[in-house]
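Just so it is clear, none of the values below were taken in a lab; they were calculated from the coordinates. Since the model is a prediction, treat every value here as computed from it, not as a measurement. No Cβ is skipped: glycine too gets one built from the backbone with ideal geometry, and neighbour counts run over all protein chains shown.
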Amino acid sequence: MLDSINLISSFQMTRTDPAHMGNSPLVSAVGAATGITQNERTENDKKAGKASFADYLMEAANYVNEKQQASSDMAEKLILDPDSVDVHDVTIAMAEANLSLSIAQNVIERLTKAWSEITTTR
């Protein structure tokens with residue numbers, strides 16, 4: 001009886017999903033058996049030069065944002081000082097921003113559609 005009480009008191013739950021409540025450290029599903037937390041795993045991956053899917057998504061979102069910012073900066077320059085910027089450069093920057101945004105929208109739409117097909121049980 002005493003052994004079972006000690007076992008229960010030393011038992012600690014691990015979380016594998018950040019949406020779950022609790023104070024225990026977040027552990028990846030792979031690291032649950034080894035005890036490696038999610039933060040330790042991402043730090044090890046960064047040291048090894050591995051990029052996660054979330055890193056790729058953030059890079060893509062930053063790229064689209066940079067294109068949008070460059071387009072608005074060029075348009076602002078064109079309004080404030082028309083002689084400093086070529087109209088063709090502004091048009092090209094706007095076309096690049098529009099293209100990168102539409103590609104991002106298509107990718108997001110396809111990822112959402114693929115996820116819904118995966119999760120739908122047939």
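Observations on the structure shown:
- Here the extension length gained between Ala95 and Thr121 equals 5.3 nm, from 0.36 nm per residue of separation less the Cα-Cα distance.
- Modelled spin-label separation between Lys50 and Asp73, with each label point placed 7 Å from Cα along the Cα-to-Cβ direction: 3.6 nm.
- The His88 and Asn62 beta-carbon pair, evaluated with R₀ = 25 Å, returns a calculated FRET efficiency of approximately 0.45.
- By the Stokes-Einstein formula, at 0.692 mPa s and 37 °C, segment 61-107 with its Kirkwood radius over alpha-carbon pairs has D equal to 303 µm²/s.
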